[in-house]
Each structure stands twice: as C-alpha cells, then as structure tokens.
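S.K.: Here's a structure for you.
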Amino acid sequence: MAKIKIATILLYIVAGVLATLPAVPLALLISLAFSEHPVYIHGFTLKNFDFLKTGKLFADNPTYSALYPNIYLTALNTFLLAIGNALLVVLISSTAAYIISRYNFRGRVVLLSSFLIMHGVPASVLLIALYYMLKTMGLLNTLLGVILVKMAVDLPLGVWVLKGFYDSIPWDIEISALVDGTSRFGVFSRIMLPLVKPGIFAIGLFSFLSGWGEYIFVYTFIHTSTNWTFSMLIRSLFSEMGGINLALVASLSLIYLIPVIILFVIGEKYLVRLTIGGVKG
Amino acid sequence: MYIPRRIYKKIFLSAMLLPSIVVASIFLAVPAALTLAISLTGLDYRFTWTWIGLRNYERLFRDPAFQLIVRATLIYVAGTLAFNTGVGLLIALITTHIRKSLGSFIRALWLLPRVLPSVVWAVLMMWIFSPMPTGFLNTVIKSLGGAPIPWTFKYYWPFLFIVNGFIGSSLSAIIFSSAIESIPPDYIIAAKVDGASSFTIIRKIVLPMIKWHIAFFVAYNTLSLLASFEYILLTLDGGPGYYSTEVMILHAYHLAFGQYMVAMNYGYAASIVTILFIIGLILSIIYWRIFRLKRLMLEARLE
Amino acid sequence: MVKVTLEDVSYTYRSGRRGVEAVKDLNLTINDKEFMVLLGPSGCGKSTTLLLIAGVYKPMKGHIYFDDRIVDDLEPKDRNVGMVFQSYALYPHMTVYENIAFPLKLKKLSKQEIDRRVKEAVSMLRIEDLLDRYPRQLSGGQQQRVALARAIAKNPAIFLMDEPLSNLDAKIRIEVRAELKRLQREIGITTIYVTHDQAEAMSLADRIAVMNAGRILQVGTPEELYHKPANIFVAGFIGSPPANLIDADVVEVDDKVMLEMLGVKIPLPNNIASIVRNENKVIFMVRPEDIDLEPNGEFTVYSVEWHGREILASVQAPDGKTLKVVLPTNKRITAGDKVSINFNFKHIHIYKQSGELII
C-alpha cells in the first residue's frame, strides 16, 4: 500500500512542476512591470504605467518621445488588425464552409484538399512574393494590406473547422427547413448559422488573437511607425531599451496582454477544440 | 421576381463560395507560384525582372554559407521536434493520470505561451536567459554568490529549443492527451486485472494505441518547423556570431528584408524558399500516402 | 388535397465516379386524399422518391405532376408540402412554439393567424402545455407530435412522412399509428408515407407501393398485396410471419401433375395442374396460416412457439428445409412430433424462377 502512495505523490509533484513552468515567465513579467527598478524586480510601483495618461512614451523627454508613436494610436492599429481579421475570416469561411459541407459541386474535393495544403504551408515561405505583390498593388505600408494577407492565411483553418461543425448537423433539419419554406439562403442564415455558433465563436476568437499578436507581417510590410501595432512597438523598445529600462517594456507588454488574457480565460475550451480540429484536418 | 431554379442555385453557390476562392488564390496560391518565378530572376532593389534561369541556385550551392544554413536547419528541426514530441508526451501522460480537472487546467496553462503574442514571449525569454548580469537567471545566480552564465552565447541551441518548445509542446500535449483519453477503458481495466503495473500499461497499451497520433504530429511538425523562424528572428536573429542559428528560411528572410547591403536580394532569397517548397512537397506526398488523408473528405448531399 | 403523379421518374446519386441509381423509371399515381405507403427494404429508393416529390431533388428523367401541373422546377418552398422525418428534425435552437410557427412566419402570415394555427395544431395533437419547451427537453413521442403539428399547421396540400415512427418505443408506436390514421381521415390530406415495416404499412395504408432497388414491384390495397402478390419479392415481404417460398419441380407421375419439393411429391388440384404442367422449375408460395398439420407423416416438428392467440411452429421436411406454420392454440403438438402437411390450395401461389406470377 505504501508503495502506491509514493508513486502517486511523485506523480503529483511532477504535475505541480509542469503546472508552474509556463506560469513562471508570466509571473516574472507581472513583477517586472510593477518594479521600482528599471532592470531588476524590486518593490512595487505604478510609475511604469505613466504612458497611460497621455499615450506618450517618455513624456518627460520630448526628443525620445518623438521617436515613438502614441500608445493609443498603436492600440487602435492593433485592434483594427485583430477585428478586421476576425470579421473577414468569419464571414468568408462561414459561407464557404457551408457550401463545401452540403453541396456536391465539381471540384469540391480539389478545393477542400487545396485548403488543407494551404493550411499546412507556413506563411513564411510566401513573404517574398507577397511583398512584391503588395508593392505592385500599392498596399505596402498599409494596415489594409496586412489585414488582407493575415485573413488569407487564417482562412483555410476557418473553412476546415466550420465545415466540421456543419457536417455534424443532421440533414433532416436542412431538408425540413427547405420544405418549410425557406430559400436556400434562408436555410443558411436562419437555421445553419445559429446552429454553428460555437464554431463561429471559436474561429472569431482565434482570428482575433492571431491578428492581435501578429508580428512578422507588420515587421515586413509596414515601415512608418504611425502604422505600427503593439508587437512592433514592444520589439523596437526592447532592442533599444533592453538593458536600460526593461520595466517599461514589461509594463507595455502587460497592457498588450490584457485582451489576450481576458479572451483566453473566456474561450480556452474553444481554443483547445480548435487546436485539435486544426491539426486533424 | 421569379428566378429560375438553376440560375438561382448558381448565383447562390457562387456568392457563398467565390470570396474564399478569390482570396485564397490571390494571397496564397499566386504567391506560391510567384516565388518560384522570382527565384528564376535577378529581382532585387531595382525591382526589374531579369530572367537568369538557374543561376541563383548555382550561386546558392557554391555559397559557403549554404552548408551552415542547412546544418542549422537540421539541428533546429530535429531538436525542436524532439522537445515538442517528448515534452508533449510527458505532459499528456501525466495530465491524463491525475484528476481530470487538474489535468485540463495544466494543459490550459501550457497553452498560454502559444496564445501570447510572439514578441512578448521572445522578450521574456531573452530577459530570463540573458547572458548579461541583468538577465533574470543571472541575477538569481549572482544573489546566490555565483558568476553570471553566458546562456545565449554558449547554449544557444538549448535556448532555442526551450523557446520554441514551449510553443510546440502544448499542441502535441493536447493531441496526445485527447488520443489517450479516447482509448476504451476496457483495455486498461483488462490489463490491470491481469496484473500489469502502470508503467507496463503505458508502454504496452497506451503508447502503441496512440502511435498514429504521434506519427501524425511528427509529420505535421517537421513540415511547419522547416519554415518556422519567427522566434529565432525575435531572439537570436541567426547568431550569436556568424550564422550559428541561421536556418534556411531565416537566411532567405535576411537576404530579402534584412538591413544590410546584401538585402533586397529577392531573386536569390526566393531560390532558398523554393528549395524548401520542394522539400516540403516531397514530404507531404509521402505523408499523404502514409496517412491516406482522403478519408477525411465527407460526402455532400444537397443538390 | 392534391393528386400526385410520377411519370417515368429516374434519379441517380453522384457518388465519386460511379452513380447510384436510386430510382429508375418510376410510375405512380397517388389519388387525392389517399394514404399511400411506400414500402421496401433500406436503400430501395423510397426516401429518394419522397424527396423528389418534396422538390429537394429534381428528377433527371421523367416528370412529377401535382394534379395536372408539372412541378419539376418548383423549389420545395413553393410546393406546399408538409414533411415529417424519422429524426423529427426539430430546430434545436427554437422553442416548440417557434418550431411550429416557423413555416408560417416564412409565409408571412399575420401574428394572429400564426397564433391561431399553432394553437389549433397543438390541440389536435394534445401537446398544448409544451409550447415553451425546447426540443431537447421532450421525449421521443412528444417530439414526434411537435413535428406533426409543424406539418399540420402549414395546411399543406400533401403530407410526406419518412419513417416517422421508427424511433419510437413499440407501445407508443402503435398508439401514434392509430392517431395518425384518424388524423389523416379527419383532415383529408393526400399522404405519402415511407416505411420498411410491413405491419405498419398494412395497418395504415389505403394503398401500398412495394419498392425494391429503385423500382415499384406492385401497387395495391393491403388485401390485394396480401392475397395476390405479383412476384416473389412482394410475396416474401408482406405478411408476418413471412410466407414460405419453396423451390419445386413440376413432374408428371401417372398422368398426374405433381410438385416435387421438400423431398416429397405433392399432388396438385386440376385447375392449378393444367396451368403449370408445362413449367419446369417453379417457386411455390404458401402462407403459414394456410398449412394444416395431421398426425403421422414424413415431416417432423422442429420447434413450437406459443404466441397467445396462435401457435407458430417450425416444421422440418424430409429434405431438411423448414416450413413456418401458424396454427390455432387448441392444436396440441410438441417438438419431435411426426406430422404430415396439408395445403389450402385456394390461397397458394406459384411463381416462375424469375419471380413472375403464374397463378
């Protein structure tokens, strides 16, 4: 009997270690954000968050301050990217996934396989060509260009996941709706869409977070700091202030993280389901 | 207004389907083909198309840096894959053998680094493992009376494995644990009745039954790691020193978008990317055959 | 209140490269106010026929008429049909009231009219107190009633039902069956009902159309199908326990026409003999209730089941084949008894090997 107890205790100890590992960096970040010392964790203060008052970094040093965009402008850009991505992905994938799930049309299998391939291909390989294309289209250095590219990259996952949701709705309900008198579009909007709401929520959540944290596309395609998102701002701050004022970087990161944490707490279950769905197909 | 059935159906299908096809074609399919085309040109900062055939590739293979970047890629993919699979498996095994709610909680915690914006995670890791005395680990060591360790200068590969591994392990942990949880409990009960210890059960029953999932993850992960570079870019940026962690895709990125005079060399950079494409394509075809993915396509029924 | 006619209707499912011919050259007329049952095994095309009539599928060949109008190109919403499914197909995100009101809302009826019709339908089906519930809170039988109410409230010209009772418990099934029949009579709607259960078909139908492999094998009243099956499929499908179908050879012994089967020779009455004398191999059909047993003979009683109103016996012939026999309960037999058999030749049928009726 004693042997078994020891093994279980060991198990739970290891589990405990596993649990703390990912949490430690975050805890450190939070401590650093409130630290009185710019580089070590020490004490507690709110002065690292001074930028919240006016949105200007280094408010007491106008030369520095002019180098960086206003925090609130950056926040707006980040938000636009995130919400634009979420809305477009949800809109386009919900309609396409419905047709792919329900209708038999020529090239259906080809289309579905293409989406699968596009989902598996990392976006990094397309950067060069996309840069050239955006430049030719005049969308370089614009938030719109980044939103379009981001949306295209997140689309295949949306289609696959929502297709799975549509597949799980019994056929009879759709036939019943058609017979009851809806048009084909009516079946989609009145019956199918409400029934896949969890999927829509999951994809919307995922796409929002994806856009909110996006770095590479912004770094590659955007040059003027007024079009920066938070990711760019933090990155540039860190490379310049890394050894000097880490606490500021930390506090800024914490602000950046707030929507992520909130959405994560709300939608963690959906994100887990999505990860499985996104990989399985 | 009465619209004939066939026409209405065509309009309806097109309107619903077309946006996704258009978007995917323009921003995903076209760039893929374009990359191949660009690799055959001398496209650079002048933005003029000059066909030079396979000269970029010749130059690439003769470039002394080529060996370095291929070596870096291999180490990166192999190491990160091992970390992802190993740690993910460990997490999955542990979290499925403790109380269910606690298990889900731990897996959720591990999802956190993955959900965080990449810059934040990279900045955190860089600070914790900074070789400077101001790095977190080094301040802890100093306060204990030791000398600061040059983490990222000396142990850069383990560092990268950890940074990327925390991101990738959550994925494998979720996949493996859901696979483990879907094993019919009868098998485990039968084994226990037969007198098997927990370790034997794991070795002889659990692992073989999730073989497919492990293989699938390895396949999927190698493909994504081949072209992953975001966290390397954000932390070591190919260093320290000359190309120690410069994986192929990162080198291509530097050639195209870097800050030095070698940059804006789009044609040359595209040739590296095309090679990655080809490798990925070959691997995918192999995987497709092995996993017979066709059965994921369900039958449609509306007409 | 409509007459439905299918004329040479064909439909093929596209499944990968090959197609599955679900329905082939179907011809059928369902009269106004008639309760027509499409009966057949799974995959015979009966559900496809229903969906063709509903307009979800368009016939690839042939036409469908409502009264004398061709409706091939009419979308389901314009056909004014009410449909009930085996799975009930209630909208999970709507209450019972909203479910029933849905088709009426789509027709853009006034709020009062919708309310009136919903109330009427639920009172007819006695589910007035379920109006605020969601489908997941209802039992199978209740869900079925809601589905029926939804179809009725539409005031459709045709009722289409796809195995609506198959998911219900046996006891409830019999109750609902009787109510359905009564309801249909009362409202007087042309009804087309699909099932694979021949007992259900026999009890509900005015006429039955037996289908197999996409074709209609016979159409007739339950009585016609029972007593005069046109081929062996119908003969074997209708009736429970099923009819005995026995391979037999026509032989002549001393100028008497006999059937050699089951290891014995059975003499035929003259009227039958004269018709079959030129045949070779045939299939002999006799229903269990048309066989009588007498003590002493070459047959052995294999097993006896007591069913309350009757006895079901399996009797083994000298060649090893078994016959099912239904006897009144006063007949005393046990397993192992030796018996001889008598056929009621007024009710037997003989078919060619290919399945067609000879007599």
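S.K.: Please tell me the relative contact order of chain C in percent, rounded to the nearest whole number, where contacts are Cα pairs under 8 Å and at least six residues apart.
M.R.: Taking the mean separation of contacting Cα pairs over the length of chain C, I get 15 percent.
S.K.: Turning to a different aspect of this structure: Return the aspartates and glutamates within reach of B:LYS192: Cα separation strictly under 18 angstrom, same-chain partners fewer than 8 residues apart disregarded; answer none if there are no such residues.
M.R.: Of all the aspartates and glutamates, those that pass the test against B:LYS192 - Cα under 18 Å, at least 8 places apart if same chain - are B:GLU181.
S.K.: Applying a 10 Å radius around every beta-carbon, put A:30-42, A:8-20 in order of their mean neighbour count, most first.
M.R.: Descending mean neighbour count gives A:30-42, A:8-20.
S.K.: Sticking with this one: Find, among the trypsin sites (Lys or Arg not before Pro) in segment C:76-139, those assigned to loop by DSSP (not H, G, I, E, B) with at most 13 other beta-carbon atoms within 10 angstrom.
M.R.: In loop regions of segment C:76-139 (DSSP not H, G, I, E or B), the sparsely surrounded trypsin sites (Lys or Arg not before Pro) are C:LYS108, C:ARG126.
S.K.: Something else about it: Assuming R0 = 45 Å, can you tell me the calculated FRET efficiency for the pair A:LYS53 and B:LEU36, based on Cβ-Cβ distance, to the nearest 0.05?
M.R.: 0.30
S.K.: Work out the charge dipole of segment B:23-293 with +1 on the Cβ of Lys and Arg and -1 on the Cβ of Asp and Glu about the Cα centre, then indicate which of B:LEU28, B:VAL120, B:PHE61 is farthest towards its positive end.
M.R.: Working it through, the farthest residue towards the positive pole turns out to be B:VAL120.
S.K.: Have a look at C:GLU224, C:GLU200, C:GLU175 and tell me which one the Gaussian network model of chain C (Cα, springs below 10 Å) gives the largest fluctuation.
M.R.: C:GLU175
S.K.: Take peptide B:29-38, look around each residue's Cβ out to 10 angstrom, count Cβ atoms belonging to other protein chains, and average those counts.
M.R.: 5
S.K.: Considering every residue in A:22-32, what mean count of other chain Cβ atoms within 10 Å of its Cβ is obtained? Could the numbers behind the result be given before it?
M.R.: Details: counts 12, 5, 3, 11, 7, 0, 4, 7, 0, 1, 3.
Whole-number average of other-chain Cβ neighbours for A:22-32 is 5.
S.K.: Let me ask something additional. Under 10 Å, Cα contacts only: if you run a Gaussian network model on chain A, which one of A:ASN61, A:ASN227, A:ASN77 comes out with the highest mean-square fluctuation?
M.R.: Looking only at A:ASN61, A:ASN227, A:ASN77, the biggest GNM fluctuation is shown by A:ASN61.
S.K.: Now a separate question. Is the C-alpha gyration tensor of segment B:23-293 telling us rounded, prolate or oblate? Criteria: a/c under 1.5 is rounded; beyond that, a/b larger than b/c is prolate, otherwise oblate. Kindly include the intermediate steps, with their values, before the conclusion.
M.R.: Working: a/c = 2.62, a/b = 1.43, b/c = 1.83.
Note, shape of segment B:23-293 comes out oblate.
S.K.: Taking 7 Å along the Cα-to-C-beta vector as the label spot, tell me the B:SER104-C:ARG309 distance in nanometres, rounded to one decimal.
M.R.: 5.4 nm
S.K.: What is the spin-label model distance, in nm, from A:VAL265 to B:LYS142 if the labels are put 7 Å beyond Cα along the C-beta direction?
M.R.: If labels sit at A:VAL265 and B:LYS142, their model points lie 3.5 nm apart.
S.K.: Provide the FRET efficiency to the nearest 0.05 for the C:ALA178-B:ILE205 pair, computing r from the beta carbons and using R0 = 56 Å. Please list the in-between numbers first.
M.R.: Details: r = 54 Å, r/R0 = 0.96.
The pair C:ALA178/B:ILE205 has a calculated efficiency of 0.55.
S.K.: Using only alpha carbons, build the gyration tensor for segment C:4-237 and give me the equivalent ellipsoid semi-axes, biggest first, whole Å.
M.R.: Over the Cα atoms of segment C:4-237, the semi-axes work out to 30, 21, 16 Å.
S.K.: Quick one: of the DSSP bridges fully inside the protein assembly as shown, what percent are antiparallel, nearest 5?
M.R.: 75 percent
S.K.: Show the residues, 5+ positions off or on another chain, whose built amide H is closer than 5 Å to the amide H of C:LEU217.
M.R.: Amide H neighbours of C:LEU217: C:VAL210, C:MET211, C:ASN212.
S.K.: Another question about this same structure. Say each of A:SER236 and B:ILE286 gets a label point 7 Å from the Cα, pointing the same way as Cα to Cβ; how far apart are those two points in nm?
M.R.: If labels sit at A:SER236 and B:ILE286, their model points lie 4.4 nm apart.
S.K.: Gaussian network model of chain B, Cα springs within a sub-10 Å range: biggest mean-square fluctuation belongs to which of B:THR245, B:THR134, B:THR73?
M.R.: Taking springs between Cα atoms under 10 Å, the residue moving most is B:THR134.
S.K.: What average count of beta carbons from other chains do you get within 10 Å of the Cβ of residues in C:55-62?
M.R.: Rounded to a whole number, the mean comes out at 2.
S.K.: While we're looking at this one, here's another question. Report ³J(HN,Hα) in whole Hz for each residue of segment C:164-180, in order, from the Karplus equation J = 6.51 cos²θ - 1.76 cosθ + 1.60 where θ = phi - 60°; Gly and Pro get x.
M.R.: x, 9, 5, 8, 9, 4, 3, 5, 5, 4, 5, 4, 5, 4, 5, 5, 4
S.K.: Can you list the lysines whose alpha carbon sits under 16 Å from that of C:LYS105, skipping same-chain ones fewer than 8 residues off?
M.R.: By straight Cα distance, C:LYS105 reaches C:LYS77, C:LYS119, C:LYS154.
Computed from the coordinates by the stated procedures, all read-outs in this text should not be read as laboratory data. As the structure is a computational prediction, the values presented were derived from the model and not from experiment. Note that each Cβ is placed from the backbone with ideal geometry, even for glycine, and that neighbours are counted across all protein chains shown.
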